[in-house]
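Only one structure is covered here, and it is reproduced in the block below.
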Amino acid sequence: MRALFTMFAADVALLPKDSFLELLRSRRARLETFVPKVEELRERTNTGGFSNALDHHVRRLNSNLFAEARALPLDADQLELLAKAGASGQPKQGVKPVSGRSGWSTSRTGATTHSKL
């Protein structure tokens, strides 16, 4: 869910355009750096400030989604699938901001859904 939101945030200019996708692609050759880079990015999106992972200043995203910065390690195949999903544009369709603790929900019709998750 956090990866999906991060891709969406880059699509709507809350993060620099394609920055998360570029991060994913850059980690394929250095899998051991994936977790620390993503955790640093999540910490920055929770507080705002300069992200070493993206090499850009990022805004604080008002969401509890990044309060826990822990990232799971991925193998090369998983990272490749995530990067392909991000490049396709498909998994982000229908993601809309809503009021509530997590701040995000999905809708098959693309309509905004207001509910706490």
In the range 1-59, the trypsin sites (Lys or Arg not before Pro) that fall in loop regions by DSSP, at most 12 other Cβ within 10 Å: LYS17, ARG30
Long-range amide H partners of VAL58 with built H, under 5 Å: GLY49, PHE50, SER51
Rounded accessible area of SER26 (nearest 10 Å², 1.4 Å probe): 50 Å²
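The values are calculated or read from the model by the stated rules, or taken from the named source; none is laboratory data. The structure displayed is predicted, hence computed values, not measured ones. Because the Cβ atoms are built from the backbone with ideal geometry, glycine has one as well, and the counts that use them run over all protein chains shown. Accessible surface is based on the protein model in full, side chains and every heavy atom, while ligands, DNA and RNA are left aside. Shrake-Rupley method; radii C 1.70, N 1.55, O 1.52, S 1.80 Å.
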